[in-house]
1. What tally of residues in region 212-235 results from selecting those that are more than 18 Å from Arg132 (Cβ to Cβ) and not polar (S, T, N, Q)?
2. Restricting the search to region 351-373, which residues are assigned to a helix (DSSP H, G or I), touching a residue at least 40 places away in the same chain (Cβ under 8 Å) and surrounded by fewer than 20 Cβ atoms within 10 Å (Cβ to Cβ)?
3. Looking at region 315-344, which of its residues are basic (Lys, Arg) and either without any contact (Cβ under 8 Å) to a residue 60 or more places away in the chain or not in a helix (DSSP H, G or I) (or both)?
4. Check off (1) farther than 15 Å from Tyr6 by Cα; (2) within 18 Å of the chain's Cα centre (by Cα); (3) not small (Gly, Ala, Ser) for Gln315 and give me the number that stays unchecked.
5. Is region 243-253 home to any residue that is in a loop (DSSP other than H, G, I, E, B), modelled with pLDDT of 80 or more and either exposed (fewer than 13 other Cβ atoms within 10 Å of the Cβ) or of a type in the set (D, E, K, R) (or both)?
6. Answer yes or no as to whether Leu302 is in a strand (DSSP E or B) and either loosely packed, with under 13 Cβ neighbours inside 10 Å or of a type outside the set (Ser, Thr, Tyr) (or both).
7. Being more than 30 Å from Asp310 (Cβ to Cβ) and in contact (Cβ under 8 Å) with a residue 40 or more places away in the chain, is that true of even one residue in region 72-82?
8. Keeping to region 206-231, report how many residues are outside any helix (DSSP H, G or I), without any contact (Cβ under 8 Å) to a residue 40 or more places away in the chain and surrounded by 24 or more Cβ atoms within 10 Å (Cβ to Cβ).
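The values are calculated or read from the model by the stated rules, or taken from the named source; none is laboratory data. Every value quoted in this text rests on a predicted model; they were computed, and no experiment measured them. Heads up, the Cβs are rebuilt from the backbone with ideal geometry, glycines too, and the neighbour counts pull from every protein chain shown.
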Amino acid sequence: MNTQYYYFSEQPYTAYDRGVQDEYPALRLTLPNCNFDPQVASDLYNRYHDEYQAADECGFDGIMINEHHTAPFCMQASITVTGAVLAKITRNVKILMLGAPLPVVDNPLRLAEELAMIDCISRGRLISGVVRGGGVESLANNVNPAYNRERFEEAHDLIIAAWTRQGPFRWNGKHYEFRVVNPWVLPLQKPHPAIMVPGTASPETVVWAAQHRYPYVVLGSSMEQTKELISLYRDTASDCGYEMGPEHIGYLIRCFVADSEEKAQEEGHNFFWQNGALNKQPREWMAPPGYASIDFAGIRRLRAVSKPFDSQAYQEAQDNYQVVLGTPSTVVEKLRYIRDELGIGHMCLWAQDGYMSHEDTLRCIQLFGQEVLPALRAT
């Protein structure tokens, strides 16, 4: 397959005094929402949507979106809201939703209907990602993390059934029970929209994705750790009777392109705009007791360990290819190396973060469309 390239931004809320971060245990959950200004957020939302339109017009294959809660680094509290917006303001790109955090969803049937609406409105451009979500997502939504894996798998099964089985039928599961499953809105794509599974370094999730033949998208882990995850996927695919291909693997990387190396280096500091606060949280919040299932012990452990991104030195992050910065020619060379070294069919380009201005972001998107993407597709 030809590698697909997706534009990504977490839609950060940057209009608060970063000094207040040090007063609280974590950037998430405890940072008081009195630091949120709805007027500023209104302007930011509409700015980010304008940038999505530019990415659509400049030739990206898709736009990746995600969902987080109680997190200033991501204002997307509902991935389906953003997906619905994209369905109307774009015309060509795939809408890559990585993804709906299923364990915190109390009504998977409603989510199935909303996703089907997005697929119909966009005329079949939805890629529906499913994700377990971090431990903080469970805490923010008052969901017992001990049931995270079970709720994830059952919600997934219910959504697929709602899309593919003729209703009405009953659903009697451990965590979800419906007397009538008969959604009137069904996806345009048949049998259902493509599904991808994102993750950072969970071997358990890699195995689950491979067993379902879903592409697994590695979210910015180191090259060494990513290679191990890909190897695990390959081995699991073989055990399941098929051969893994580039279409089964994706990778998210922070990347900014500018007219000069100096400008790119200046803007690249925005990927570190939280000053290390992203990883400042009690360990039990990220992985609460019970979050990893008991079966995890039987899965191959990873040897390579990714150093937390926010704790890396600026040049270090560039040297290990977790940040790619430069002019179009520099960026093309580095992205081509990463793509070919990992053998990935989906490359998600995190091209906006922190205090990058609207003008600089639009120029970055323009350079991607005019120079970077054509060069990558040519070789």
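1. 8
2. The initial filter retains those residues of region 351-373 that are assigned to a helix (DSSP H, G or I), namely 358-373.
So of that shortlist, the ones also touching a residue at least 40 places away in the same chain (Cβ under 8 Å) come out as 358, 360-373.
Residues satisfying the conditions are His358, Asp360, Leu362, Arg363, Gln366, Gly369, Gln370, Glu371.
3. Here is the first cut: in region 315-344, the ones basic (Lys, Arg) are 334, 336, 339.
Of everything in region 315-344, those that are basic (Lys, Arg) and either without any contact (Cβ under 8 Å) to a residue 60 or more places away in the chain or not in a helix (DSSP H, G or I) (or both) turn out to be Lys334, Arg336.
4. Result: Gln315 passes all but (2).
5. Taking region 243-253 and keeping what is in a loop (DSSP other than H, G, I, E, B), we get 243-245.
Within this subset, residues satisfying the condition of being modelled with pLDDT of 80 or more are 243-245.
Pick out the ones that are also either exposed (fewer than 13 other Cβ atoms within 10 Å of the Cβ) or of a type in the set (D, E, K, R) (or both) and you get 243.
Yes, region 243-253 contains a residue that is in a loop (DSSP other than H, G, I, E, B), modelled with pLDDT of 80 or more and either exposed (fewer than 13 other Cβ atoms within 10 Å of the Cβ) or of a type in the set (D, E, K, R) (or both).
6. On the way: in a strand (DSSP E or B): no; either loosely packed, with under 13 Cβ neighbours inside 10 Å or of a type outside the set (Ser, Thr, Tyr) (or both): yes.
No.
7. First, pick out the residues of region 72-82 that are more than 30 Å from Asp310 (Cβ to Cβ): none.
Within region 72-82, not a single residue is more than 30 Å from Asp310 (Cβ to Cβ) and in contact (Cβ under 8 Å) with a residue 40 or more places away in the chain.
8. Result for region 206-231: 2.
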